[in-house]
Amino acid sequence: MSGSWVEAEKRLKETPTLLKTPAGYVQPSPWLAIANKNVELMHKFMCELGLSPSSRSRVTTSSPLGPKPWEFSGLEAEDDEFFS
């Protein structure tokens with residue numbers, strides 16, 4: 001997905017944003033539509049993963065993660081028996 005966005009952005013630098021059709025009509029470059037669609041998809045993924053400030057607060061977990069690594073679990077007293 002982001003690879004096509006990079007390619008579309010490269011092509012947009014090489015070609016004009018507006019193109020003239022053989023019939024004489026002016027239309028946006030197809031690369032512009034590809035780039036815009038991929039930016040929309042990346043934005044949706046960022047929101048789903050909690051990578052934006054507004055979506056970060058909505059991310060929750062389904063189960064408790066348990067004690068954090070820096071919290072004591074109470075097993076340290078038992079570990080002392082093995083190391084003394």
Derived scalar couplings ³J(HN,Hα) [region 43-54; Karplus, 6.51 cos²θ - 1.76 cosθ + 1.60; whole Hz; x for Gly, Pro]: 5, 5, 5, 4, 5, 5, 8, x, 8, 10, x, 6
Amide H within-cut-off set for LEU19, under 5 Å, with H built and near neighbours excluded: GLN27, SER29
Per DSSP, loop trypsin sites (Lys or Arg not before Pro) in region 13-43 with at most 10 further Cβ within 10 Å: none
Charge tally in the Cβ shell below 14 Å around ALA35, where Lys, Arg are +1 and Asp, Glu are -1, ALA35 excluded: 0
Cβ-based net charge around LYS44, under 14 Å, with every Lys or Arg adding one and every Asp or Glu removing one: 0
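Every number in this text was worked out from the coordinates using simple rules, so none of it is lab data. Since we're looking at a predicted model, the values are computed, not measured. All Cβ positions, glycine included, derive from the backbone under ideal geometry; neighbour counts span all protein chains shown.
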